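Working notes, structure below.
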Amino acid sequence: MAFDRRPENMERITTPALADAFIKEQIQELRTQIGDKKVLLALSGGVDSSVVAALLIQAIGKQLVCVHVNHGLLRKGEPEQVIEVFRNQMNANLIYVDATDRFLDKLAGVTDPEQKRKIIGGEFIEVFAEEARKLDGIEFLGQGTIWPDILESEQGIKAHHNAGGLPEDMNFQLVEPVKILFKDEVRMVGKQLGLPDNMVYRQPFPGPGLGVRCPGAITRDRLEAVRESDAILREEFAKNGLEGKVWQYFTVVPDFKSTGIKDGKRTFQWACIIRAVNTTDAMSATVENIPYELMCHLVDRITHEVPGINRVLYDFTPKPTGTIEFE
Ligand code: XMP
């Protein structure tokens, strides 16, 4: 039977065999719940929505319609990976919407962080709802709700915003197949479902994406500098054994320029800030001790490979007093 709450005595899913048993059971339950109806799912490429997609693909195949909205604020290679994994490898019904221009046009000139978040969140729902309206016969909405989301919303720590915000006439029944699982269990299930490691074990990434790492008004060129420097940082952390060890790491490019020299010529360009932190619950965080040689190598690559950057800084601030993100 389907559980609404995590049973008190439920064994923690810590082995491939336990994950396989969970998957088998869930597939049966999903088939019973959904029958021959269709399910819509916003697939961000994050761990939770990806695992829900993979489970639903096994359970109901093409009755699942995934919508991947690219808001233009994703990391380098992310939309391509979603298409590769879900459309090409898992043969999913995937609608890909490149809404980059829409988001960036709305965000042009907006400097206030909360305003930026609101625009990104609001526009996301609008794009998703537009796609949903084009489809016939959808009765269910898939959600990547996990057990801590439910606990935190019950304790009033954060609103359980899944499903929130869709227009009122869009009255879907919810399908939440991982809602009794903890994050580590979701990852174990994802791995058993055949999702790639860099999807299953990836670091947390905020909904507003690179938008909060491009402080102040977002411009396309500075956003590109964030995306390229972030890709270099991720590549070097992976090569140097820090991927999976450091909790969250990324780059930030504030709207600030300073003088430098490149190829014997004066430059006036942005500074790129590296952030790398460790935490268990994101309420407080300590700064990772990046080896000096790796730091020098990162500075060298970022200043030479990323257009518009002539200086790299390391943010040594723990949380508190700094938050993890800059906005
Ligand atoms: P802060 O910056 O508050 O971040 O120390 C704590 C954790 O939350 C993530 N974060 C967000 N995640 N939407 C999200 O989905 C957001 O608006 C958002 N802001 C911060 C952040 O990446 C870190 O892991």
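The values are calculated or read from the model by the stated rules, or taken from the named source; none is laboratory data. Quantities reported herein were computed from a predicted structural model and do not represent experimental measurements. Please note: Cβ atoms are built from the backbone with ideal geometry, for glycine as well, and neighbour counts cover all protein chains shown. Just so you know, the surface numbers come from the protein's heavy atoms only, side chains and all, with ligands and any DNA or RNA stripped out. Shrake-Rupley method; radii C 1.70, N 1.55, O 1.52, S 1.80 Å.
Determine one quarter of the surface area of the Cα convex hull of region 35-112, which equals its mean projected area, and express it in nm² to one decimal.
Approximately 6.1 nm², given one-decimal rounding.
Using θ = phi - 60° and the Karplus form 6.51 cos²θ - 1.76 cosθ + 1.60, what ³J(HN,Hα) does each residue of region 106-121 get, whole Hz, x for Gly and Pro?
5, 8, 4, x, 8, 9, 6, x, 5, 4, 4, 4, 4, 5, 5, x
Compute the signed sum of charges (Lys and Arg +1, Asp and Glu -1) over the other residues within less than 12 Å, Cβ to Cβ, of I119.
Its environment carries a net charge of 0.
Hand me the trypsin sites (Lys or Arg not before Pro) from region 229-281 located in a DSSP loop with no more than 12 other Cβ atoms within 10 Å, in residue order please. Present the calculation step by step, with values, prior to reporting the outcome.
Values: sites: R234, K239, K245, K257, K262, K265, R266, R275; in loops: K245.
Those that pass, being in a loop and sparsely packed, are K245.
How long is the gain from E11 to H297 if the chain were fully straight, where each residue apart is worth 0.36 nm and the alpha carbon distance is subtracted? Walk me through the numbers before you get to the answer.
Numbers: separation 286, 0.36 × 286 = 102.96 nm, distance 4.49 nm.
Gain on extension, E11 to H297, equals 98.5 nm.
Going highest first, how would you order 133-140, 58-65 by mean Cβ packing within 10 Å?
Ranked by mean Cβ neighbours within 10 Å, highest first: 58-65, 133-140.
Leaving out ligands and nucleic acids, note down the accessible area per residue over the chain with a 1.4 angstrom probe, in whole Å².
49
Restricting to bridges with both residues inside the chain, how much of the DSSP beta-bridge set is antiparallel, in percent to the nearest 5? Mind dumping the intermediate values first?
On the way: 14 of 36 bridges.
Approximately 40 percent, going by the DSSP bridge assignments.
If one computes the Cα centroid of region 96-160 and of region 35-80, what distance in Å separates the two points?
14
Heavy atoms only, probe 1.4 angstrom, no DNA, RNA or ligands counted: give me F268, F172 ranked by accessible area, highest first.
Working: F268 110, F172 45 Å².
If we order F268, F172 from most to least accessible, we get F268, F172.
What nm distance separates the two modelled labels at K62 and A238, each placed 7 Å from Cα along Cα→Cβ?
The two pseudo-label positions are separated by 3.3 nm.
Using a 1.4 Å probe on the protein chains only, how many percent of the accessible area of the chain belongs to carbon and sulfur?
With neighbouring chains kept in place, the figure for the chain is 52 percent.
Using modelled backbone amide H atoms (1.01 Å from N, in-plane), which distant-in-sequence or interchain residues come within less than 5 Å of A92's amide H?
R87
Within a Cβ distance under 10 Å of V312, other residues only, what is the Lys/Arg minus Asp/Glu net charge?
Result for the local shell: +1.
Between E152 and K262, what length in nm is gained on full extension when 0.36 nm per residue of separation is reduced by their alpha carbon distance?
Working: separation 110, 0.36 × 110 = 39.60 nm, distance 4.99 nm.
Extra length from E152 to K262 when fully extended: 34.6 nm.
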